[in-house]
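Undergrad: Questions regarding the structure given below will be posed in turn.
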Amino acid sequence: MTAGTDIAAEIAAALAEAGEATGSGALVCTIKRASGGPVTPWDTGAATAAYFEVTALADEQRLRDINGTLIGQTVRTLMVDATGTVPLKSDVIAVGIRAAAVDANTEWAQILEVRTTAPGGVALYHELDLAK
C-alpha cells in the first residue's frame, strides 16, 4: 500500500467511527450502477444493475444568496470512502441501505455532483451532492 491508500483506509475507518459516535452506527449506503447505461431513480431493471456499498457521513446545508439570505433550498451531501468503487454522476444511491437489503421499495437518490479529494493523485474520499 502507498501512503495515499493508507490514508484513504484511515479516512474510511474514521467515517465509520464518526457514525458510531454521532449516530446509531456507521452509515452504509448502496450505489446502484447500470451495466447497460445510466440508471434513473425510477428504473426497475435491477437485474442489469451492480450494487456497491460505501461508508458515508451525511450533511445537509441550507443555501444562502450572496447577501446571506436563505433561499429556501437545501443541499444534501455525503462524504464517502474512496477505498472501493468510484461513484459516478450516472449512478444512484440508497442512503442507509445495505446492498443485501435492496428491494423493489428502495428509495434511490440521484447523484448530482461528485467531488473527489485526491492530493498527489490518490483519492482520499468523495463528496456526493444528492437530489432532494
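Undergrad: Place a +1 charge on the Cβ of each Lys and Arg in the chain and a -1 charge on the Cβ of each Asp and Glu, then give the dipole magnitude about the Cα centre in debye, rounded to the nearest 20.
TA: 340
Undergrad: I've got another one for you. For residue 84, which sequence-distant residues (separation of 5 or more, or a different chain) have an amide H within less than 5 Å of its own amide H, given hydrogens modelled in the peptide plane?
TA: When sequence neighbours closer than 5 places are left aside, there are no close amide H contacts.
Undergrad: Given a 10 angstrom Cα cut-off, can you work out which residue in 95, 54, 86 is the most mobile in a GNM of the chain?
TA: Of 95, 54, 86, the most mobile in the Gaussian network model is 86.
Undergrad: Among 118, 100, 34, which one shows the highest mean-square fluctuation when the chain is modelled as a Gaussian network with alpha-carbon springs under 10 Å?
TA: Evaluated over the chain, the most mobile residue of the options is 100.
Undergrad: While we're here: Which residue fluctuates the most in the chain, going by a Gaussian network model with Cα springs under 10 Å, if the choices are 103, 91, 65?
TA: Among 103, 91, 65, the largest GNM mean-square fluctuation belongs to 65.
Undergrad: Considering only 125, 82, 71, whose Cα is most displaced toward the positive end of the charge dipole of the chain, charges sitting on Cβ of Lys, Arg (+1) and Asp, Glu (-1)?
TA: 71
Undergrad: Quick one, which of (i) 49, 28, 15; (ii) 27, 15, 13; (iii) 22, 22, 15 is the actual semi-axes √(5λ) of the Cα gyration tensor in Å calculated for this model?
TA: (iii)
Read the figures in this text as sums done on the coordinates, not as results from a lab. Here the structure is a predicted model, which means the values were calculated and not measured. Counting neighbours? That spans all protein chains shown, and the Cβs are built from the backbone with ideal geometry, glycine included.
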